[in-house]
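J.: I'd like to ask some things about the structure below.
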Amino acid sequence: MTHVQSNSCDDALLIRYLDGDLGPDEKKGIEDHLQRCETCRRQLAFFSDFSQDFRNHVQRETDRVDFTPLEKEVINKALRQRYYKRGPSSLFASLKFAVPAAAVACLLLFFSYTRFAVDPVPTAPSAIINSFTGSMSSVMIFETPETRQTILWYNEEPDAESEHHAS
Amino acid sequence: MKNRMRKVSTMQVRLPVLLFLLMLAGLWMSIPTAVQAKERCRISVDTILASRQGSGVDSRLKQDVSELQNMFNYTSYQLLSSKTLNLKKGESGTVSLPGNRRLKITPHNIRENRADIALQMMKKKRTVFQSQVQLLNRGSLFVGGPKYENGNLIFKISGSY
């Protein structure tokens, strides 16, 4: 415990006085000093106002904060800790839907690939022509070398062509 | 907190239902295509005008025409029209084509990866040709030759089922 000299000005002591941190002797000493010292009274008033402004500002900022997400995060953490405390059985229990879901997803991927994937090199012609009859001067059937697209090329009879030109 | 509990219980109910539906879809996908009955097929007919006047390939045809360009000496390929038919087995559909032509399409049988399709090309009231083809699933048959304007018509007949 320190004794306050009645004629000394000490800002640190004033702050401790304001915070209520002084012992009875120190408190009495500073109060005696304050009665005599105009400078320290003004300094004390300044510190008091500053402290009040600071508290008000902090309060305003705190009021603006939404604590709901924080609350959710805390709840999630608590639930996760609960799972871990229960041991591996709870972990397997939580996976009971994940494993079949993964299996089904793999199945879907595999069969959709085999079902819908286009064969890059076709092994059969795109169309097989079983029969072809008609009135035309010539017909050719062939296929493209790479993708084996079937092409049927025909020339209409001259009278049909002239009929078209006439129309 | 109550809301959260309600959400959890809703999730617990929905997840098994979702998994069940996924498993059903997986089973459907796993059935070989040959076993599944196919009653409908989708047939599209694209009409292309190939000519030696002008140059350029219609941007919609670039994929189809790249190989045809190596086989024919046409300089221009233009897509004149596109028509899609959704036909049941035995049902006929007709597509109007340039030059008073009509193409009648009838799918007779759809099995494995091919469909038996009857084609009948008509010009005015006269039948130009009749043909029976087996069209590969997602495959195309190019039927070409008729003169039109300053070039020749090519009909791209594609099927998917």
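Each value in this text was obtained by applying a stated rule to the coordinates, not by laboratory testing. Computed from a predicted model, the values in this text were never measured in an experiment. Reconstructed Cβ throughout: ideal geometry from the backbone, glycine too, with neighbour counts over all protein chains shown.
J.: Within 10 Å of each Cβ in peptide B:139-150, how many partner chain Cβ atoms are there on average? Round it to a whole number, please.
T.: Numbers: counts 10, 6, 10, 10, 6, 5, 11, 7, 6, 1, 0, 0.
For peptide B:139-150, the averaged partner shielding equals 6.
J.: Among B:G99, B:F129, B:A118, which residue has its Cα positioned farthest towards the positive end of the charge dipole of the range B:84-147, with +1 placed on the Cβ of Lys and Arg, -1 on the Cβ of Asp and Glu, and the dipole taken about the Cα centre?
T.: Result: B:G99.
J.: Please identify every one of the trypsin sites (Lys or Arg not before Pro) in the range B:41-89 that sits in a loop by DSSP and has no more than 13 other beta carbons within 10 Å of its own beta carbon.
T.: Here the sparse-neighbourhood loop sites are B:R52.
J.: Another question, if that's okay. Take peptide B:60-70, look around each residue's Cβ out to 10 angstrom, count Cβ atoms belonging to other protein chains, and average those counts.
T.: 2
J.: I need the GluC sites (Glu not before Pro) found in the range B:16-116, filtered to DSSP loop residues with at most 16 other beta carbons within 10 Å of theirs.
T.: Working: sites: B:E39, B:E67, B:E91, B:E112; in loops: B:E39, B:E91, B:E112.
Counting only loop positions with at most 16 other Cβ atoms within 10 Å, the GluC sites (Glu not before Pro) in the range B:16-116 are B:E39, B:E91, B:E112.
J.: Per residue, what volume in Å³ does the convex hull of the Cα atoms of the range A:11-64 enclose?
T.: With only Cα atoms used, the range A:11-64 gives 69 Å³ per residue.
J.: Could you work out, residue by residue across A:131-142, how many beta carbons of other chains sit within 10 Å of that residue's beta carbon, and then give the average as an integer? List each step's numbers first, then the result.
T.: On the way: counts 5, 6, 5, 8, 4, 5, 1, 1, 3, 2, 2, 2.
Mean inter-chain Cβ contacts per residue within 10 Å come to 4.
J.: Taking loop as defined by DSSP and a crowding limit of 11 other beta carbons within 10 Å, which GluC sites (Glu not before Pro) in the range A:1-78 fit?
T.: For GluC sites (Glu not before Pro) across the range A:1-78 that sit outside H, G, I, E and B with at most 11 neighbouring Cβ atoms in 10 Å, the list is empty.
J.: Something else now. Would you order B:S81, A:S131 from fewest to most other beta-carbon atoms within 10 Å of each residue's own beta-carbon?
T.: Final ranking by Cβ density, sparse to dense: A:S131, B:S81.
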